[in-house]
Structure formats: structure tokens, C-alpha cells
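> Please read through the structure below; I'll follow up with questions.
The values are calculated or read from the model by the stated rules, or taken from the named source; none is laboratory data. Source: prediction; values computed, not measured. Glycine gets a Cβ as well: all are built from the backbone with ideal geometry, and neighbour counts include every protein chain shown. Just so you know, the surface numbers come from the protein's heavy atoms only, side chains and all, with ligands and any DNA or RNA stripped out. Shrake-Rupley method; radii C 1.70, N 1.55, O 1.52, S 1.80 Å.
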Amino acid sequence: MLVAFSVSPGNASDADGSVTDAVAAAVRVVRSSGLPHRTDAMFTTLEGEWDECMDVVRRACEAVASASPRVSLVLKADIRPGRTGELQGKLDRLEAAVERAEGEPGRGQ
């Protein structure tokens, strides 16, 4: 299972409008989970079983809640039992498809 999520304070931020410190607390939860993960500018993606992923998401929300009485959570999941290594595998298959398409006459370059 892959879970992409974004969690942030719902109404509290630093003096400059930043939510960085609260989000950093959530990212620390993810990093300490031991699950494969990737964080980018908009989302953090986890890979694992349902219960372990949802536990990390819950604890990340609790970390943000310590800085704000209101928490915003956006979550998207790709539920494929029995699959592992998809955090990188999906990207590898996408890149291979892009490369194939760029090599076709009349496409890409």
C-alpha cells in the first residue's frame, strides 16, 4: 500500500505565515517510523501495510495538533495487497514508458 498525505495546521502558523515547524514535527514521525517514505514539497508518501501506514498518519496528525487546535489532512492511497517496492517501482515503470515514447517516430523530441 502507498499512502500519500499532507498534514498541516488548520489555522495556526508562525509569525511569517509559515507552517514549517509544525510540518517538520510530522515529518519526524514519518522518518522515525521505519517505513519506506519519500517527502517532497507537497506530500509525504509512505509504503507499508494498512495498519502501520494509518498509524503513522494518525501520529503525524497528532504531532501537528500539538501546535494547533485544528489540523488539515489530505490523503490518497493506492491499495494493492501483496505488492512491495512500489514507492520506487511505480516511478521506474513510468520513466521506462516515457523513454519508450520518446524513442517512437513523431513523438517526444
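> Does S68 satisfy the condition of being crowded, with 16+ Cβ neighbours inside 10 Å and farther than 15 Å from S8 by Cα?
no
> In addition: Within the stretch 28-70, track down each residue that is in contact with a His (Cβ under 9 Å, 6 or more places away or on another chain) and assigned to a helix (DSSP H, G or I).
V30, R31, V56, listed by residue number.
> Follow-up. So, of the residues in the stretch 34-48 that are without any contact (Cβ under 8 Å) to a residue 24 or more places away in the chain and more than 9 Å from the chain's Cα centre (by Cα), which turns out to be nearest to M1 (Cα to Cα)?
Restricting to residues being without any contact (Cβ under 8 Å) to a residue 24 or more places away in the chain and more than 9 Å from the chain's Cα centre (by Cα), the top hit is L35.
> Here's another thing I want to ask about it. Just the residues that are more than 20 Å from the chain's Cα centre (by Cα) and polar (S, T, N, Q), please, taken from the stretch 62-109.
Matches in the stretch 62-109: S66, S68, Q109.
> Looking at G82, G108, which is the one that is within 16 Å of L2 (Cα to Cα), out of contact with any Gly (no Cβ under 8 Å at 6 or more places or on another chain) and modelled with pLDDT under 95?
Exactly one of G82, G108 is within 16 Å of L2 (Cα to Cα), out of contact with any Gly (no Cβ under 8 Å at 6 or more places or on another chain) and modelled with pLDDT under 95, namely G82.
> Specify the residue that is nearest to A22 (Cα to Cα); the eligible residues are those in the stretch 71-104 that are open to solvent by less than 50 Å² (accessible area, probe 1.4 Å) and of a type in the set (A, V, I, L, M, F, W, C).
Checking each candidate, the answer is A77.
> Suppose the filter is of a type in the set (D, E, K, R) and under 17 Å from the mean Cα position of the chain (by Cα); does D51 pass it?
So D51 fits the description; yes.
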